Amino acid sequence: MGRAVYGDLMTASIRLSSPPGRWVLLATVLGSGMAMLDSTVVNVALPRIGDDFEASMAGLQWTVNAYTLTLAGLILLGGSLGDRFGRRRVFVIGVVWFAIASALCGAAQDISMLIAARALQGVGGALLTPGSLAIIQASFAQQDRARAVGAWSGLGGVAGALGPFLGGWLVEAVGWRWVFLLNIPLAVVVVLVTAKHVPETRDPDAHGKFDVLGAALAALCLAGITYALTMAPEKDTNRALVLAAAVVGIAAGVGFVVIERRRSSRTDGPGAMLPVDVFASKQFTAINAVTFVMYGAMSVVFFLLVLTLQVVAGFSPIVSGAAMLPVTVLMLLFSARAGALAQRVGPRRPIAAGVLLAAAGMLLMARIGEHTSYVTDVLPAAIIFGAGLTLAVAPLTATVLATADERHAGVASGVNNAVARAAGLLAVAAIPPLAGLTGAAYTNPADFEHGFRMAIISCTVLMVAAAILTVFTVRDDALRAAPESAEPLCRVNCPVAAPPLEPSRVAGEYGPTPTR
């Protein structure tokens, strides 16, 4: 089975109930789970990392953002590489890369080395994340594909729920380095299972050169702007370097748009990594604007809350890591029902109501302080916040797929996922410093409490803006008029870092389309 190569999805015949099907599911769940966990559990370890390396607040921001930067900039290219050279091959390369980078994270001797290793981790994540779902869609028999994707997303949600517990326990019991080193034995299992049991698949129609220049410009744009936003408020920063980074980032962003517009209209040479005419749909553009604002605010909350619970409230790493467990549980249990509701009444009201409910939960978090009780202060906020995200995210994902032009359906969810990650990257870079969380603020509980409160209020305002944007730009008929195939397969999901990637779609029943 491991040596089979499928060039046409009509030949995919693995059944979910068979032993090969269970092996494929195990490999893809464990592989994607590594990348997903590292985007969340690392936050639990940040106070200990800061203490060990005597890092500034900017150093902690970069520990999170370096990973997000390379992941967001390269995730679309990662999917294209799998289509061309084989999804199993690129997936395995991503897993091995991720494991090596994790080892470097665990062995880091200072904050600069850790940040560099985290950036390398993001590259591995960009290779393995799209590949895990593409393998499922390309390997399973057509009648089992939806169930396989549902099992993948549901098991991923369970892993997301357990991750913060595990991360907190590791930090307390054996130290923060094991948050990274645990990836190594997991990667060994994934590689062995994949090599023996996962068939190779590729897209026979994928051809032409890759848009390496587009990917490089996207990453340079995000890096320059992120550096400027993070470092500008720092007292001892080099102002000339900050200005240069901002100029380079903006120039790279303009260059990216120009290059992608040119390559989208050409029939020869490298294809566009991001076909800009996907944004010709006003509804697709609108829902991505909502995604950008919403996920930017969410990312700051997930970054700062775990820090605040440890620095200000004095919670242990394991309790702090588990504080947002209600969010994951609610999304795991009820996201499918929220998607079904949006199919009946349209997406505008569920998304707007959910975002406003999440904003109310954020506002309750502003009460967290020195004498915070988990039961009376944190738990109600987490439940309300989680209920809001549950109501909003599944309709948002369905609307992304339904409003993209049919010929771009294969890249629509990838674009939306990248938009959300870029939003989180920029928001985590900008909002904490603007709220006064700079330098060694995380070592001073009083200063950190004040800064956290200001940041939470800013995020609440952003969520209200996202709700207003939804009301005035998203139409209720976006899903009612959509074909049944536009309904997301990843209906059971806990996407706190970004909306779920969906398998590529084309008209008809055969799933993935080339992503060039």
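Values in this text are rule-based calculations from the coordinates and carry no lab data. Predicted, not measured: the structure shown is a model, and the values here were computed from it. Note: ideal-geometry Cβ built from the backbone for every residue, glycine included; neighbour counts use all protein chains shown.
So if R0 is 51 Å, what FRET efficiency would Phe165 and Ser17 give, r being the distance between their Cβ atoms, rounded to the nearest 0.05? If you can, show how the numbers build up before the last one.
On the way: r = 31 Å, r/R0 = 0.60.
Result of the calculation: an efficiency of 0.95.
Would you list, by chain and number, the lysines whose Cα falls below 25 Å from the Cα of Lys196, excluding same-chain residues fewer than 8 positions away?
none
Can you sort Met113, Met454 so the residue with the fewest Cβ neighbours within 10 Å comes first? Please list the in-between numbers first.
Values: Met113 14, Met454 17.
Starting with the residue having the fewest Cβ neighbours, the order is Met113, Met454.
Which order results if Lys235, Lys196 are arranged by neighbouring Cβ count within 10 Å, fewest first? Working shown, then result.
Working: Lys235 7, Lys196 12.
Result, fewest neighbours first: Lys235, Lys196.
Could you name the lysines whose alpha carbon sits less than 30 Å from that of Lys209, not counting residues in the same chain fewer than 8 places away?
Lys282
What fraction, in whole percent, of alpha-carbon pairs in region 121-233 exceed 17 Å separation?
Values: 4683 of 6328 pairs.
Tail fraction, whole percent: 74.
Please report Arg261, Arg118, Arg348 as a ranked list, fewest other C-beta atoms within 10 angstrom at the top and most at the bottom. Show your work: numbers first, answer last.
Details: Arg261 14, Arg118 26, Arg348 21.
By the 10 Å Cβ count, ascending: Arg261, Arg348, Arg118.
In degrees from 0 to 90, rounded to the nearest 10, what is the angle of the helix 57-85 Cα long axis to the longest principal axis of the chain?
0
Going through region 26-87, which chymotrypsin sites (Phe, Trp or Tyr not before Pro) have at most 16 other Cβ atoms within 10 Å and a DSSP loop state?
Numbers: sites: Phe53, Trp62, Tyr67, Phe85; in loops: none.
Answer in residue order: no site qualifies.
Could you tell me the ratio Rg/Rh of region 370-469? Both radii from Cα atoms, Rh via Kirkwood.
Working: Rg = 17.5 Å, Rh = 16.3 Å.
When Rh is taken as the Kirkwood radius, the ratio is 1.07.
Under the 0.36 nm per residue contour assumption, what length would be gained going from the current alpha-carbon distance of Ser264 and Arg475 to full extension? Before the final figure, lay out the partial values.
Values: separation 211, 0.36 × 211 = 75.96 nm, distance 2.73 nm.
Full extension from Ser264 to Arg475 adds 73.2 nm.
How high is the FRET efficiency from Leu434 to His371, r the C-beta distance, R0 41 Å, rounded to 0.05? Provide the component values of the computation, followed by the final result.
Numbers: r = 27 Å, r/R0 = 0.66.
Efficiency computed from Cβ-Cβ geometry: 0.95.
Which percent of Cα pairs goes in each bin when the distances of region 99-163 are cut into 10 angstrom slices starting at zero?
Going from the shortest bin to the longest, the percentages are 20, 31, 30, 15, 4, 0.
Percent of Cα-Cα pairs more than 42 Å apart in the chain, please. If you can, show how the numbers build up before the last one.
Details: 15211 of 132870 pairs.
Result: 11 percent of Cα pairs exceed 42 Å.
Any idea how far apart Leu192 and Val345 come out in nm if each label point goes 7 Å out from Cα toward Cβ?
Placing both labels 7 Å along Cα→Cβ, they lie 5.1 nm apart.
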